[in-house]
Amino acid sequence: MKVPGAWYLALAAALFSIGAIGLLVRRNVLVMFMCIELMLNAVNLTFVTFARMLDDVGGQTAVFFVLVVAAAEVVVGLGIIVSIFRRRSGATADDVSLLKG
Amino acid sequence: MLEAVWLIPALPLTGFVILLVAGRRLGDPRAGWLATAMMAAAFLTSVVVFLGLVGEPGEERVFTQTLFPWIESGSFHVDVAFLVDPLSVTMALFVTGVGSLIHLYAVGYMHGDERFPKFFVYLNLFAFSMLMLVLADNFLLTFLGWEGVGACSYFLISFWFEKDTAASAGKKAFVTNRIGDFGFMIAMFLIFATFGTLDYLPALGAVEGASEGTVAAIGLLLFLGAAGKSAQLPLYVWLPDAMEGPTPVSALIHAATMVTAGVFLMVRVNPILGAAPEVATLIAWVGVLTALFAATIACAQNDIKKVLAYSTISQLGYMFLAVGSGAYAAAIFHMVTHAFFKALLFLGAGSVIHGMHDEQDMKRMGGLQKWMPVTGATFIVGWLAIAGVPPFSGFWSKDDILLNAFEKSPVLWLLGLVTALLTAYYMSRQVFLVFRGEERWKKAAPETAPGAHVEPDHQPVAAGGHGTAAAHGAHGDFKPHESPRSMTIPLIVLAVLAAVGGLLNLPFTGWLVLEHWLEPVFGHNLHHVTSTGGTKFALALTAVAAAVVGVLIAAAIYRRHRIAESAVEPRLLQRAWFVDELYQKTIAHPGRALSQWLASVFDAKVIDGAVNGVASLVRDGGTRLRAVQSGYVRSYALYVALGAVGVLLFALSRSL
């Protein structure tokens with residue numbers, strides 16, 4: 001049985017929404033970080049689906065770029081998070097609001 | 001020989017530059033001699049150019065010399081070029097001639113002044129500007145000279161700037177002249193827009209083809225300029241105050257040369273006036289009214305120089321009357337004779353002031369003939385000339401104007417005649433008060449008429465080599481003295497010229513040298529006298545009668561004392577019809593009030609308000625917007641999400 005492309009897209013949309021809502025409602029920095037990863041991978045899934053449906057390899061190429069950039073982003077992001085946790089333990093994202101206007 | 005024309009302005013310019021650099025080192029009196037030598041050389045060059053021009057046949061007496069292009073911008077092209085024709089050469093001759101004599105006089109008059117070299121720097125710069133003005137080949141170069149003489153006039157009026165009155169008189173002259181210059185500039189714009197050039201010959205040659213309205217507007221605006229420079233109604237107010245300057249300045253700039261620049265300009269643009277007869281009529285009326293108005297004021301002034309200043313305004317009015325009547329030759333004729341006799345009178349007045357140790361109030365003089373014989377004798381020649389007593393020069397030139405005015409309109413003639421009577425009257429009054437009668441300066445405390453303008457002794461910088469006579473206040477223990485040779489020689493030369501200057505042009509005979517000489521410049525615009533010999537003779541006789549009556553009235557009052565002096569010197573005339581006060585009330589006060597309002601209300605509220613308003617707008621906006629910058633990552637994420645949704649909605653709405 002062949003799974004229709006629209007299902008993949010629906011799954012990607014669902015994953016993206018979960019990630020977006022999670023980013024907005026959660027305070028834990030690590031969880032927010034995982035939500036971002038979830039959103040990125042939802043987009044990756046969309047790219048791959050379209051590449052398959054349209055028979056265009058460009059979509060898969062874009063995924064590679066996203067993966068590479070996401071890896072770099074994880075390095076920087078985790079570095080920041082680690083340095084925050086070194087200064088104060090158990091901080092939530094709302095505690096780090098030094099740039100408040 | 002004509003090619004030497006560039007030397008005429010170049011010589012005073014050289015003098016100016018040398019004096020500017022080395023004037024202090026040359027000092028008193030060598031700086032003065034250098035300036036005088038430069039003027040004399042310019043005069044000789046003018047004579048050479050004049051002879052060259054005489055050598056040409058009548059109709060070919062036009063020569064232009066282009067030195068270098070001055071301004072080139074698109075179709076706008078102006079050269080530094082000179083126009084040599086009978087008119088400009090006549091002007092150059094009398095400017096340099098009278099100028100040399102006055103320079104010579106100034107060497108004696110300014111002796112002992114601490115800024116002696118600087119005086120001659122200005123004087124030579126003035127001569128250069130004036131010569132550029134008259135010799136220029138286009139309106140713009142004339143305007144350069146026009147502004148140059150204006151600036152020099154300002155410098156020289158306020159030469160003794162330690163005196164408040166002198167400083168403000170200079171400012172007054174400058175500001176009043178700006179009004180006129182504004183007219184001149186607009187006229188130049190119009191001329192360029194209409195004729196596409198500012199050169200005299202092509203522009204004036206094209207006048208006949210231009211629309212009447214434009215030509216009339218150009219004529220009117222140029223006349224506004226001329227009225228400012230030549231002190232005509234209603235812009236004359238600066239000239240009486242200009243007497244604050246040293247007397248040679250009054251003689252050179254404010255009697256003989258600069259103030260005639262307006263008349264010269266009107267004569268130069270005679271084709272424009274020929275094509276706009278209404279403007280010419282207006283000029284005639286303004287001229288004759290100025291002449292009459294100023295003459296009435298001169299009758300009641302007590303300051304020896306103020307009388308002459310108002311007299312100058314009055315005589316300039318005559319010249320404009322001539323211009324308006326189409327008698328351009330008569331205007332130039334009167335300009336030349338007036339330069340002779342008015343320079344003579346001013347220099348004579350300066351000599352009197354010098355001899356009286358800086359006293360200018362005529363009511364404190366009297367009987368000076370005995371003490372200053374040369375000054376007295378030459379002054380009397382000047383008096384007879386300006387009063388219009390034949391055969392002195394003023395009679396011929398004034399009569400030429402009155403004759404032409406009569407043919408324009410008998411009313412103009414009548415007003416001119418009344419002015420002639422008044423002229424004879426106030427000049428006789430001056431002569432009687434200064435040189436005749438009792439020696440009033442002997443009185444220890446002479447009474448002063450109310451409103452009389454009493455000069456304060458002009459302190460250390462005062463003219464003359466009597467700086468040690470500090471105790472001038474005690475008028476009783478000093479004797480007036482005759483002036484030095486360098487001052488009396490110009491007086492004598494000018495007296496001779498004032499006596500025989502009429503020979504240039506004798507209106508009742510065929511002897512019209514000046515008119516024939518100038519005729520090529522005017523062509524058919526020149527009004528030719530058509531009256532018969534009988535009319536001419538009757539008019540001349542009336543004019544002489546008017547002069548004699550004027551003299552007799554003055555004699556009756558100021559010699560025989562038939563009527564009290566105070567009865568004929570009403571306050572109204574002493575204060576010059578309160579025109580200064582009127583201008584003060586109507587122009588200066590509202591102007592000051594407007595400035596006050598602008599400073600205290602407009603500047604404080606509107607200008608400062610705008611600046612402060614922008615600042616507080618930014619500050620308030622920032623205060624409101626800082627709430628957005630919460631520092632919470634989730635709220636930023638929300639903005640991003642909302643933005644993304646917005647973009648998405650926009651894209652969807654566009655694609656549907």
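Overview of results
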| read-out | value |
| --- | --- |
| Some residue of the stretch B:525-533 being in a helix (DSSP H, G or I) and within 30 Å of B:Leu201 (Cα to Cα) | yes |
| Identity of the residue in the stretch A:63-101, within 14 Å of another protein chain (Cβ to nearest Cβ) and assigned to a loop (DSSP other than H, G, I, E, B), that ends up surrounded by the fewest Cβ atoms within 10 Å (Cβ to Cβ) | A:Leu98 |
| Answer from B:Val614, B:Val645, B:Val568, B:Val618 - the residue that is of a type in the set (A, V, I, L, M, F, W, C) and within 14 Å of another protein chain (Cβ to nearest Cβ) | B:Val645 |
| Top-ranked residue of the stretch A:4-27 - restricted to ones that are surrounded by 14 or more Cβ atoms within 10 Å (Cβ to Cβ) and farther than 19 Å from A:Val48 by Cβ, ranked as farthest from the other protein chains (Cβ to nearest Cβ) | A:Gly22 |
| Residue satisfying condition, being within 20 Å of the chain's Cα centre (by Cα), of a type outside the set (A, V, I, L, M, F, W, C) and either surrounded by 22 or more Cβ atoms within 10 Å (Cβ to Cβ) or outside any helix (DSSP H, G or I) (or both), within set B:Gly326, B:Gly317 | B:Gly317 |
| Selection count where residues are among the hydrophobic types (A, V, I, L, M, F, W, C) and more than 30 Å from B:Gly631 (Cβ to Cβ), scope the stretch A:42-101 | 14 |
| Boolean, B:His334 is in contact (Cβ under 8 Å) with a residue 24 or more places away in the chain and under 20 Å from B:Leu273 (Cβ atoms) | yes |
| Answer from B:Ala40, B:Ala92 - the residue that is part of a helix (DSSP H, G or I), of a type outside the set (Val, Ile, Thr), under 29 Å from B:Ala203 (Cα atoms) and within 23 Å of the chain's Cα centre (by Cα) | B:Ala92 |
| Lone qualifier among B:Ala637, B:Ala588, B:Ala627 - being at the interface with chain A (Cβ under 10 Å from one of its Cβ atoms), part of a helix (DSSP H, G or I), surrounded by 10 or more Cβ atoms within 10 Å (Cβ to Cβ) and modelled with pLDDT under 90 | B:Ala637 |
| Considering residues of the stretch B:568-600 that are basic (Lys, Arg) and without any contact (Cβ under 8 Å) to a residue 60 or more places away in the chain only, the residue nearest to B:Leu422 (Cα to Cα) | B:Lys585 |
| Breaking point among (1) at pLDDT below 85; (2) within 22 Å of the chain's Cα centre (by Cα), for B:Lys370 | (2) |
| Boolean, B:Thr36 is touching a residue at least 40 places away in the same chain (Cβ under 8 Å), of a type in the set (Ser, Thr, Tyr) and touching a His at 6+ places or on another chain (Cβ under 9 Å) | yes |
| Residues within the stretch B:360-390 that are part of a loop (DSSP other than H, G, I, E, B) and over 19 Å from B:Ala300 (Cβ atoms), tallied | 6 |
| Residues that are assigned to a helix (DSSP H, G or I) and within 18 Å of B:Ala35 (Cβ to Cβ), drawn from the stretch B:238-252 | B:Thr247, B:Pro248, B:Val249, B:Ser250, B:Ala251, B:Leu252 |
| 3 or more residues within 21 Å of the chain's Cα centre (by Cα) and within 26 Å of B:Leu252 (Cβ to Cβ): qualifying helices (runs of 4 or more DSSP H) within the stretch B:145-237 | B:164-195, B:212-229 |
| Hey, B:Gly502 surrounded by fewer than 16 Cβ atoms within 10 Å (Cβ to Cβ) and not in a loop (DSSP other than H, G, I, E, B) or not | no |
| Test: residue in the stretch B:594-606 that is exposed (fewer than 12 other Cβ atoms within 10 Å of the Cβ), among the acidic types (Asp, Glu), more than 14 Å from chain A (Cβ to nearest Cβ) and assigned to a helix (DSSP H, G or I) | no |
| Any hit, the stretch A:48-61, residues being within 14 Å of another protein chain (Cβ to nearest Cβ) and either free of Cβ contacts under 8 Å to residues at least 60 places away in the same chain or out of contact with any helix residue (DSSP H, G or I) (no Cβ under 8 Å at 6 or more places or on another chain) (or both) | no |
| Flag for B:Leu141 being farther than 25 Å from B:Asp358 by Cα and in a helix (DSSP H, G or I) | yes |
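The values are calculated or read from the model by the stated rules, or taken from the named source; none is laboratory data. Here the structure is a predicted model, which is why all the values come from computation and not from measurement. Note that we place each Cβ from the backbone using ideal geometry, even for glycine, and neighbour counts take in every protein chain shown.
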